[in-house]
Amino acid sequence: MSDLSVITIKNGLFTDFRFNEVKTAIVKRLTDLNMIQTKYKLDNEFLTLLTNLIEYLVAKKDKINKKALALEIMKDFFAATDEDLEIIGKNIEYLHNNRVIKKVSFWKLFKAGFCEYFKKKG
């Protein structure tokens with residue numbers, strides 16, 4: 001049997017694939033933290049965590065609409081209504097305008113990886 005990974009996906013198919021891949025990774029992380037609970041549906045601290053996870057995982061080359069991804073996660077896993085999604089959308093805009101959503105710096109990533117390496121060795 002031939003290896004089918006030789007045939008690559010491009011353009012819209014790649015964007016959809018990457019969208020679902022990022023969504024799955026975020027949901028897995030939130031599940032690991034036991035945070036998929038309805039009490040977090042309109043919580044701004046939770047929304048900040050969610051948007052920072054999206055910011056960390058999505059690169060500009062992926063061409064993914066980050067706000068749409070956040071709203072889809074909220075709709076799928078928190079049963080957010082249209083009114084809730086409108087409020088969440090406005091809250092995302094507020095977080096973005098006030099520079100609360102940030103990329104993780106390379107220094108922080110390096111430091112965390114360095115500490116993790118020595119904790120595993122020791």
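The values are calculated or read from the model by the stated rules, or taken from the named source; none is laboratory data. Quick caveat, the model's predicted, so the values are computed rather than measured. Virtual Cβ from ideal backbone geometry, glycine too; neighbours counted across all protein chains shown.
Hey, among the residues in segment 66-81 that are without any contact (Cβ under 8 Å) to a residue 40 or more places away in the chain and surrounded by 13 or more Cβ atoms within 10 Å (Cβ to Cβ), which one's nearest to residue 11 (Cα to Cα)?
Step by step, filter segment 66-81, then rank; the result is 66.
Keeping to segment 52-65, report how many residues are without any contact (Cβ under 8 Å) to a residue 12 or more places away in the chain and not hydrophobic (A, V, I, L, M, F, W, C).
3
Which residues, counting only those in segment 38-51, are part of a loop (DSSP other than H, G, I, E, B) and either touching a Pro at 6+ places or on another chain (Cβ under 7 Å) or free of Cβ contacts under 8 Å to residues at least 40 places away in the same chain (or both)?
Within segment 38-51, 43 is the sole residue that qualifies.
Looking only at residues in segment 52-65 that are basic (Lys, Arg) and assigned to a helix (DSSP H, G or I), which one is nearest to the chain's Cα centre (by Cα)?
For segment 52-65, the residue satisfying everything is 60.
List every residue pair whose Cβ atoms sit under 7 Å apart, with the two residues 6 or more apart in sequence or on different chains, where the first one lies in segment 14-37 and is of a type outside the set (A, V, I, L, M) and surrounded by 14 or more Cβ atoms within 10 Å (Cβ to Cβ) and the second, anywhere, is in a helix (DSSP H, G or I) and modelled with pLDDT under 95.
The qualifying pairs are 15/62; 18/62; 29/53.
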